[in-house]
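Just so you know, all these numbers are worked out from the coordinates, no wet-lab data involved. Quick caveat: nothing in here was measured; it's all calculated off a predicted structure. Cβ sites come from the backbone with ideal geometry, for glycine too, and all protein chains shown count toward neighbours.
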Amino acid sequence: MADVVSGARVFLGVSGGIAAYKAAALTSTLVQRGASVDVVMTAEAERFIAPLTFASLSARPVYTSLWDFPERIPHIRLVREADVALVVPATANLIAKLAAGIADDLLTAALLAARIPRVLAPAMNGAMYEDPATQANLATLRERGYEFVDPERGFLAERETGIGRLAAEDRILEGLERALARRRSLEGKRVAITGGPTREPFDPVRFLSNASTGATAIALAREASLRGARVTLLLGPTLLEPPAGIEVVRVTTAQQLYAAALEHAVGADLIVATAAVADWRPALESDSKLHKSGEGMTVELSPNPDVLATLGERKGSSFLVGFAAETQAHETNARAKLRRKHLDAIAVNDVRGERGFGTGENSLVLLWGEDGRRDLGRAAKSALAARLLDAVEELMRIGSRCS
Ligand SMILES: Cc1cc2nc3c(=O)[nH]c(=O)nc-3n(C[C@H](O)[C@H](O)[C@H](O)COP(=O)(O)O)c2cc1C
């Protein structure tokens, strides 16, 4: 297989930690493997290592300020011209600033503006790394699609042994290669993703719904867009923000999602249906707010159209992936749904006690064909989105499709 690093344009951020000197060796390795490397340093990084070292190794200018040649808007240009942004080392301070959306220097502003994969290799004292503030910031960034090459346990500069040592260069290169390998894998493809809950109103202020937040759909949309796909996200009511740069169609009810799916999803190369669509809606919707009478109340329900089954019937040459949120007999039920709805694959998650909903971690198993099965493991939804698309792309390549 071709070396994905050869010819890659790497934005290499360096922040102010002791391990900054290791970024110099990494620059040399990347250049030797045929990458072009634009190094961006924080002001504090310059206390640890001189820009001249990076300039000599990369044979390119090193960027240290938002205000050098501002007419060229360096924080936007540098990330638009790069294939991947890698930060080695990433300090606790940098991670906190990124989690808060602070953009007060060239490196933080560029990373905030980046629509390319962002890979961070943190390095710091063990207590700093394990502090709940740092851990919360790392979780926030993971959820937003940042990738990490986690630090290792070992001898730290302050003569303590603990977690926080910069990952070995081989592991950083693996993280970079993973990000680069995915970068154009869905180029030219149209991907439609449904996500979030639906709301089924029975008066102007009340509705039936479920605990879905759309986090999985948003993570998948971001990942598919990073891979070069043209993405349409059909999104139910959620407070989560969809990623920039993709088409978002907002819906509220299952009937609206049904209409939107027929309009926007049919004909896509890949359809991933994660939406938690309400199976029923109130048969009658009152025009005005219902008032309590002290009596009980019965709400009659009518079935909603089956969005997934309809997509299965009309999928043509699309590759159709469904989701099954199950509370028991997960895989048996999911396999039945896979067949019944003519899906090409189905991702199963366990939603007992609302597990699987929300922005935390999830675990997924992907099923296809008669007995195809891959356990995608337990991870942040952003990491699971990447694993799911890796597996689905493989199935699309080998033409594993249901009739
Ligand atoms: C000798 C020395 C070593 C440091 N090493 C680290 C480190 O390895 N990791 C880290 O997160 N901070 C480290 N710091 C603290 C950062 O330099 C400090 O938080 C700084 O504000 C980071 O700025 P930056 O994130 O903009 O580069 C170190 C500070 C000193 C004085």
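Note on residue 71 and residue 168: the model spin-label points, each 7 Å out from Cα along the C-beta direction, lie 5.0 nm apart. According to the calculation over all Cα-Cα pairs in the chain, the P(r) per 10 Å bin from zero is 5, 21, 27, 22, 15, 7, 2, 0, 0 %.
Using θ = phi - 60° in the Karplus curve 6.51 cos²θ - 1.76 cosθ + 1.60, the 3J(HN,Hα) couplings for the range 243-250 round to x, 6, x, 10, 7, 10, 10, 8 Hz; x is entered for Gly and Pro.
Residue 80 to residue 299: FRET efficiency via 1/(1 + (r/R0)^6), r the Cβ-Cβ distance, R0 51 Å, to the nearest 0.05? It would help to have the intermediate numbers written out before the result.
Details: r = 52 Å, r/R0 = 1.03.
Efficiency computed from Cβ-Cβ geometry: 0.45.
A cut-off of 5 Å between modelled amide H atoms, ignoring neighbours fewer than 5 places along the same chain, links residue 319 with 270, 271. Each label was represented as a point 7 Å from its Cα along the Cα-to-Cβ direction; for residue 331 and residue 131 these points are 4.4 nm apart. Amide hydrogen proximity for residue 39: with H placed 1.01 Å from N in the peptide plane, the residues at 5 or more positions away or on another chain lying under 5 Å are 12, 63. In this structure the amide hydrogen of residue 324, modeled in the peptide plane, comes within under 5 Å of the amide hydrogens of 347, 348, 349, none closer than 5 places in sequence on its chain. Site pair residue 259 and residue 288 shows an inter-label distance of 2.7 nm when each label is modelled 7 Å from Cα along Cα→Cβ.
Report, for the range 9-182, the % of DSSP beta bridges that are antiparallel, rounded to 5. Walk me through the numbers on the way to the answer.
Numbers: 4 of 21 bridges.
Bridges in the range 9-182 are about 20 percent antiparallel.
By the helix-only formula, in which each DSSP H run with n ≥ 4 contributes -39500 (n - 2.57) and the sum is divided by residues, the chain has a 222 nm mean residue ellipticity of -9500 deg cm²/dmol.
Taking a ≥ b ≥ c as the square roots of the Cα gyration tensor eigenvalues, the range 31-78 comes out oblate, since a/c reaches at least 1.5 and a/b does not exceed b/c.
Take the residue pairs 97/381; 337/381; 315/381; 189/337; 341/381; 22/381 and return only those whose Cα atoms are more than 28 Å apart.
Distance filter (> 28 Å) returns 22/381.
Counted by neighbouring Cβ atoms within 10 Å, the residues 213, 310 run from fewest to most as 310, 213.
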